[in-house]
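Bear in mind these aren't lab numbers, they're just calculated from the coordinates by the rules spelled out. Source: prediction; values computed, not measured. Cβ coordinates were reconstructed from backbone atoms using ideal geometry, including for glycine residues, and neighbour counts include every protein chain displayed.
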Ligand code: NAI
């Protein structure tokens, strides 16, 4: 099987060559993202392998089908960038539903601790031999209320981590997990009561702009927002306003609404066109990582292994269980 691999980073290559090579798979690694302009690169391939910021809309699906591509293998869990309804009956779409929920949950906690204990500021200071503590006062997590939106694989692990810190946990999920012992509340109440809110739900029509100009006012003053899920859960302009008005005390973002144009690329030395992102990054109480939460050795191995297994099942006419249509 020949596979056109889009949005390739050097950390992707070794695992895919190792697992795919064992089964005679040949990868054509492209740095560019998949979109209507680049779809033709899949010519001669039976499969494409894509990530979170590739565009898999109707036009791309049509072109891939014309080229003879039969399967789109997402090497990620979220699939909001794929027109699944359009792909139905046209092309198979598979994903990696879980590769390391620990990686993401642990990154969320890493961001939270960095933010509230000012580690990012302290690191820069001591490297410059500045040992002053002025402005580095944090707060204890113990006893604080954390609101978790989405209690699936990642949300549940994040809850366990928070329990270890002695935090009070409340949660909202459209489909609450029965008998989980989790204290579920309505979203309004979660917004109202939480000192910290962490998002672990998928991006859907229901969850688009959960944090918006309308809902910022419902948040507890000084709340810390953590988003390691999908950028568009938060209206970035509303977030900026909330930070400027001091309603939002801090934000830790591993994802950003318009990240597709920026994340995974080196723009140091360039002038960023996205004013909202530039302004957010300039804030002392905002930390941005560029969709890095998944990036552990364990997760990369699982991604490569599961994607290769998905492709193998397809080429053998079997179901992997990871089909989206
Ligand atoms: P999951 O499918 O195990 O859990 C998602 C939870 O969200 C489920 O409990 C579901 O009932 C709930 N949910 C669905 N609709 C909802 C709604 N309208 N309101 C509230 N909750 C709702 O997914 P998992 O593995 O825990 O991943 C969560 C999200 O994390 C993914 O959708 C993905 O967007 C993101 N993610 C981010 C990564 C990163 O590197 N930053 C890596 C992997 C996933």
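When a/c is below 1.5 the answer is rounded, else prolate if a/b is larger than b/c, else oblate, so apply that to the range 169-267 with a ≥ b ≥ c taken from the square roots of the Cα gyration tensor eigenvalues. Here the range 169-267 falls in the oblate category. Angle, helix 58-67 long axis vs. longest principal axis of the chain, Cα atoms, 0 to 90°, nearest 10? That helix lies at roughly 30 degrees to the long axis.
Between 0 and 90 degrees, the angle of helix 153-164 with respect to the longest Cα principal axis of the chain falls at about 30 degrees. With the simple model of a label 7 Å out from the Cα in the direction of the Cβ, residue 247 to residue 88 spans 3.8 nm. Each part gets one Cα centre, and for the range 77-120 versus the range 166-235 those centres are 16 Å apart. Taken over the range 1-73, the percentage of Cα pairs per 5 Å bin, counting from 0 up to the bin with the maximum distance, is 3, 18, 31, 25, 14, 7, 1. Between the C-alpha center of the range 250-270 and that of the range 1-58 there is a gap of 22 Å.
With respect to the chain, whose longest principal axis is taken over its alpha-carbon atoms, helix 297-315 is tilted by about 30°.
Among 200, 291, 23, sorting on how many other beta-carbon atoms sit within 10 Å of each Cβ, with the fewest leading, yields 23, 291, 200. Classify the range 215-312 as rounded, prolate or oblate, taking a ≥ b ≥ c as the square roots of the eigenvalues of its Cα gyration tensor: rounded when a/c is under 1.5, otherwise prolate if a/b is larger than b/c and oblate if not. The shape class here is prolate.
Remark on the range 64-124: Rg and Dmax equal 18.8, 55 Å (Cα only).
Taking each residue as 0.36 nm, the span from residue 32 to residue 174 lengthens on full extension beyond its C-alpha to C-alpha distance by 47.5 nm.
Counting every pair of alpha carbons in the range 101-288, the share spaced more than 25 Å apart comes to 33 percent. Taking 8 Å as the Cα distance limit and 6 or more residues as the minimum spacing, I'd like the relative contact order of the range 101-288 as a percentage. After rounding, I find 18 percent.
Multiplying the residue separation of residue 10 and residue 205 by 0.36 nm and subtracting their alpha-carbon distance yields 66.8 nm.
Put simply, when 118-131, 205-218 are sorted by average Cβ atoms within 10 angstrom per residue, most first, you get 205-218, 118-131.
In plain terms, the chain from residue 133 to residue 221 could stretch by 29.2 nm, reckoned as 0.36 nm per residue minus the Cα-Cα distance.
Scaled against the 2.2 N^0.38 Å expected of a compact globular protein of N residues, the Cα radius of gyration of the chain reads 1.05. In deg cm²/dmol, rounded to 500, what helix-only [θ] at 222 nm does the chain give when every DSSP H run of at least 4 residues adds -39500 (n - 2.57) and the total is split over its residues? Theoretical 222 nm ellipticity from helices: -10000 deg cm²/dmol. Counting only DSSP beta bridges whose two residues both lie in the chain, roughly 5 percent are antiparallel.
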